[in-house]
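A short write-up of the structure that comes next.
The values are calculated or read from the model by the stated rules, or taken from the named source; none is laboratory data. The structure presented is a predicted model; accordingly, all values stated were derived computationally and were not measured. A quick note on method: Cβ atoms are made from the backbone with ideal geometry, for glycine too, and the neighbour counts reach across all protein chains shown.
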Amino acid sequence: MKKQITVAIITAVISAIIGGIVLAFLFPADVDGDGMPNNIDNCPDVANRDQLDIDDNGVGDACDPITKDSDKDSEVEKRRIATDISEMLHDKITNDVLFIQKELNSKEIQEPFDWKVLHDNKFISCGDEGISNIKCPILKQISDKTNSEYAFIFYYPDRIINNTEIKTNSNCIIEISTLNSLVVMDVINEWNDRQWCNSTESILMTDLYHPRNKPTINVSSLFIEYADSNGDKLGLVNAYNLEKSIGKKMIGDYLPTFNLILLDDKNCVAAAISKTNGDTTIHMDEGIWQLTEEKINDTLNIFEDEHSDTNCDQSLKEYNLDAIENVDLTVTENSKDETSKLDGTYSIFELTEVTNKDLGTKTQIDVFHDWHLLVSIP
């Protein structure tokens, strides 16, 4: 009897060992939970799904020690951060364009507006009580899916509506929007000064502007031209606060302290975020902030353009950052006797453009062309 029990115990132990080996083979350990098993993970204790190893030393960048005194290490980190942010923005906008284009083919969006309302300057909001426009569900879906601030549709001004003798309003007006009209009751529905109203591109990421209807944020808007079932040309605009997407990405980065500034092609500040000991701060969300080409002791300055209306100044459009690798910046966001967290030496990187190949189209595109990321590690 004892012999049988002993044999049974030995058999159970052997089965458990074999079972453990099989389980370990089928389901290898992944301590950091990044989807890469420990035996092939170049940084097994810190999550790094991308397995990035810029210095090619066999150890993932997430596990490489950061040496503050090493310029080489600092530049490697800056480039990694810029690459991560650039790829995130490129992929997001590419996917958003493809999603929106699909929605533009829907029956609801393709349905022409009633020509009788095209001469009416009234701002039609999906948030208006009593408004039940068939386009509202699609617009809201676009805004929600892409995490934008708002979306709207407009007709190009001064155009004859096909199959009629009716001409669209001489001003560029928004026909319908997800914006809450209670916020914009006092805003005149005329937008001729906006880049999306006069675009020669079919797909465009606009320069920074300050929404007249939402004074607490700045936006850069994705504009997409389309034609409805009547053959008339319209535009859909999807407004982004890019600091939100970038800030979320920065929070997830393993580096605890660094600064990032995103400049559009007119060198206006589309995002300015500092991360200090793991906590992020958004800096220049209100007003129009831009890079000045005036140098003080070889240091460039970012300042608020208090004389601007709600559009970015055009005067710095030709100021070329491509030829510069590093720049010393001071940021006038406080009183003149205070320094900003954003002050420092920045490395400059070009943002990855969204191209025709990305979208599978031959139309004219201008998305992130000549935009730059500035990265500093204090």
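Every residue, every condition in (1) polar (S, T, N, Q); (2) surrounded by 14 or more Cβ atoms within 10 Å (Cβ to Cβ), yes or no:
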position: Lys92; (1), (2): no, yes
position: Asp96; (1), (2): no, yes
position: Lys102; (1), (2): no, no
position: Cys126; (1), (2): no, yes
position: Ile131; (1), (2): no, no
position: Ile138; (1), (2): no, yes
position: Gln141; (1), (2): yes, yes
position: Ser148; (1), (2): yes, yes
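Among what's in segment 255-279 and is polar (S, T, N, Q) and surrounded by fewer than 17 Cβ atoms within 10 Å (Cβ to Cβ), pick the residue that is farthest from Ser245 (Cα to Cα).
Asn277
With respect to the numbered conditions (1) under 26 Å from Trp115 (Cα atoms); (2) touching a residue at least 24 places away in the same chain (Cβ under 8 Å), which one is the sole condition not fulfilled by Ile160?
The one condition Ile160 does not meet is (2).
Among the residues of segment 189-205, is there at least one that is closer than 13 Å to Ala151 by Cα and modelled with pLDDT under 90?
The first filter runs over segment 189-205 and keeps only residues closer than 13 Å to Ala151 by Cα, leaving 196.
Now restrict to residues that are modelled with pLDDT under 90: none.
Looking through segment 189-205, none of the residues is closer than 13 Å to Ala151 by Cα and modelled with pLDDT under 90.
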